[in-house]
Amino acid sequence: MAGLNPLIHQPTRLRIMAALVALNEGDRVEFTFLQNLLGLTPGNLSVHLQRLEEAGYVTVEKAFVKRRPKTWVAATPEGRDAFAAHLDALEAILRQARGAAERGADDTSVPHHGDPEEGKGK
């Protein structure tokens, strides 16, 4: 099992990547759409996108449309793969936790921690 990706695991970057990989491969979103979708400030989104771009997980393209600056963001194939691997690691952790919980519920030999005051001889 691969481990969690610390760059993607950060909550804001996890939400950014989730939004971008939900698009069809090759599609992109405009910066302000992503900002509004996630409820982030422009500066906060920019910093997180820069970290993801440095890792090769997203592309950020700037252009002028009708003399107005526009910024487009998309997940790269590497970013999609990294996100999928991160989700696999999260799902493995959840499966392990569920399995442990199910074994614990079925195992009456496991001591259960009851009231911490019990047995203190009041």
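The values are calculated or read from the model by the stated rules, or taken from the named source; none is laboratory data. Predicted, not measured: the structure shown is a model, and the values here were computed from it. FYI the Cβ positions are ideal-geometry reconstructions off the backbone, even for glycines, and counts take in every protein chain you see.
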Worksheet item: Any idea how many residues of the range 27-58 are within 26 Å of Glu91 (Cα to Cα), in contact (Cβ under 8 Å) with a residue 40 or more places away in the chain and of a type outside the set (D, E, K, R)?
Response: 4
Worksheet item: Which pairs have Cβ atoms under 7 Å, sit 6 or more apart or on different chains, and link a residue in the range 1-22 that is closer than 16 Å to Thr76 by Cβ to one that is surrounded by 16 or more Cβ atoms within 10 Å (Cβ to Cβ) and among the aromatic types (Phe, Trp, Tyr)?
Response: Ile8/Phe83; Met17/Tyr57; Met17/Phe83; Val21/Phe83
Fill in: Subset of the range 32-84 [of a type in the set (D, E, K, R) and within 20 Å of Pro6 (Cα to Cα)]
Arg51, Glu53, Glu54, Glu78, Arg80, Asp81
Discussion item. I'd like to check which helices (runs of 4 or more DSSP H) are fully inside the range 1-107 and have at least 2 residues that are under 18 Å from the mean Cα position of the chain (by Cα), basic (Lys, Arg) and surrounded by 16 or more Cβ atoms within 10 Å (Cβ to Cβ).
Written reply: 11-21
Response to the item:
Of (1) touching a Lys or Arg at 6+ places or on another chain (Cβ under 6 Å); (2) modelled with pLDDT under 95, Ala2 fails just (1)
Worksheet item: Which of the residues spanning the range 42-70 are small (Gly, Ala, Ser) and in contact with a strand residue (DSSP E or B) (Cβ under 6 Å, 6 or more places away or on another chain)?
Response: Ala63
